[in-house]
């Protein structure tokens, strides 16, 4: 079968990555809730009509009519920003608890874009990929059994899946490619330099990055990981690569404090695992000796408690 | 052909074209990208804007600190010559508590500082061309940098004003001087030498905007 025919079959057969979709929705929803919870006290300062924004307008994305309407609704008075954040919160919660996720994704996307245009300076890569993912997420269904899913809906869902995967590959490949052209990444001192910057480091860990092995490995591994990503996820090393990616982003969360970025990226890594692979992972975990041992201990303790209660009665 | 097949064909065609344009948009400057620049800006650059220079090509390697000094008049100086550091406290608190907004609050000033000194990320290719000897690029770079600086200094003034509005003791002052301090750390080969290079850049003195909402963290 040709590549195109295989792709066509994949798009048409059944809705893919249902479990991955749920995980991604939860991760993005939680990242948004985290931002709202931490930034709400500073909403006026950041986005309000008398805040530090340079009055970036929603017209850049939504056009003059709708854009000006959003600007006057959300930024024309001190209270409008709270309405916008409330909308964003509702959308995020709906994503987390799996209610009307398409509409939730659309609401989150619109609110996200408006906030980003108002004050682009506080955004990071995580916000960038979140915005794009939210747009594609409007195409996804996470409840194929509940929805009346027909051939067209299956196709649209799978196009959405393909969009997210392709966008993720572009993210990693571009970032890896840019790193390769950077002198500090090439000579393996990038992580040493980052470890000195107050914003992205923990003082207690600076000494670690004066070690040549640690700084070189920690500079080269992300670069290689990113460059090889689009190839690795279609190879037998896929799950290993995803595991490395998750560890990388947990390290970024811990060391650099980029919590929302790491949450979204981990969600995207887990999104890549197919439903069949999740089933297989579940079987592996259930069959694993560790699980069996824990389960046996639990069953023994349960039996002991039951006997004790019988005796007492 | 059924409607379903038409929709499938259109969506597939959109998918292919969209991601071809996206790849071109994020690629380094090249002849094809230059030629299609208006199309790229109108499509990806407007509705799917993205930048994956995540600590690339080279990572952040300096501390860029915002210093402010409230003043009575535009050209007066405080007796103590004291400068308030608006950046380091955020970083210190962020290091102690990652589940906070200190990162975002510091980010607004960090990006303004970086853009004031070197312009935004879109100027990098023009700067590189200027460094390679293209005099037209140098003129374009200087002009765009001046425009960018004006915008970012406006934001720095707002941030400085918010700080002054936050502290009751500074109510009497009408002007604020702004300085950027860049702390550059030693290279790998000098990592044990503890010598940090400090460079200060005076941006100017500006009227305090009393209408700016204070952050509520400095009082």
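Of the helices (runs of 4 or more DSSP H) lying entirely inside the stretch A:255-313, the ones with 1 or more residues being loosely packed, with under 14 Cβ neighbours inside 10 Å are found at A:275-287, A:289-312.
Assessment of the stretch B:166-176 against the conditions (under 28 Å from residue A:194 (Cα atoms) and within 23 Å of the chain's Cα centre (by Cα)) yields no matching residue.
Evaluation of residue A:150 against the conditions (1) free of Cβ contacts under 8 Å to residues at least 60 places away in the same chain; (2) buried (at least 19 other Cβ atoms within 10 Å of the Cβ); (3) more than 7 Å from chain B (Cβ to nearest Cβ) shows that the sole unmet condition is (2). Quick check on my filter: what residues within the stretch B:177-216 are touching a residue at least 60 places away in the same chain (Cβ under 8 Å), closer than 29 Å to residue A:54 by Cα, in a loop (DSSP other than H, G, I, E, B) and facing another protein chain (nearest Cβ under 9 Å)? Within the stretch B:177-216, just B:215 meets the criteria. Applying the condition of being in a loop (DSSP other than H, G, I, E, B) and within 13 Å of chain B (Cβ to nearest Cβ) to the stretch A:91-124 and asking which residue is surrounded by the fewest Cβ atoms within 10 Å (Cβ to Cβ) yields A:124.
From the list B:115, B:122, the one residue that fits, being within 14 Å of chain A (Cβ to nearest Cβ) and either closer than 14 Å to residue B:156 by Cβ or modelled with pLDDT of 85 or more (or both), is B:115. Taking the stretch B:137-149, which residues are under 20 Å from residue B:31 (Cβ atoms) and modelled with pLDDT of 85 or more? The answer is B:140, and nothing else.
Listed by position, the helices (runs of 4 or more DSSP H) contained in the stretch A:166-253 that have at least 3 residues being free of Cβ contacts under 8 Å to residues at least 60 places away in the same chain and buried (at least 21 other Cβ atoms within 10 Å of the Cβ) are A:190-196, A:212-232, A:238-251.
Taken over the stretch A:45-73, the criterion of being assigned to a loop (DSSP other than H, G, I, E, B) and within 12 Å of chain B (Cβ to nearest Cβ) is satisfied by A:48, A:49, A:50, A:51, A:52, A:53, A:54, A:55, A:56.
When the criteria are applied in full, residue A:88 fails the requirement of being more than 10 Å from chain B (Cβ to nearest Cβ), more than 21 Å from the chain's Cα centre (by Cα) and modelled with pLDDT of 95 or more. Yes or no: the stretch A:184-204 includes at least one residue that is facing chain B (nearest Cβ under 9 Å), in contact with a helix residue (DSSP H, G or I) (Cβ under 7 Å, 6 or more places away or on another chain) and closer than 30 Å to residue A:137 by Cβ. Yes, there is a match, as at least one residue in the stretch A:184-204 is facing chain B (nearest Cβ under 9 Å), in contact with a helix residue (DSSP H, G or I) (Cβ under 7 Å, 6 or more places away or on another chain) and closer than 30 Å to residue A:137 by Cβ. Taking the stretch B:1-42 as the region of interest, none of the helices (runs of 4 or more DSSP H) fully inside it holds 2 or more residues being on the phi > 0 side of the Ramachandran plot and modelled with pLDDT under 95.
The values are calculated or read from the model by the stated rules, or taken from the named source; none is laboratory data. What you see is a predicted model; the values in this text were computed from it and never measured. Virtual Cβ from ideal backbone geometry, glycine too; neighbours counted across all protein chains shown.
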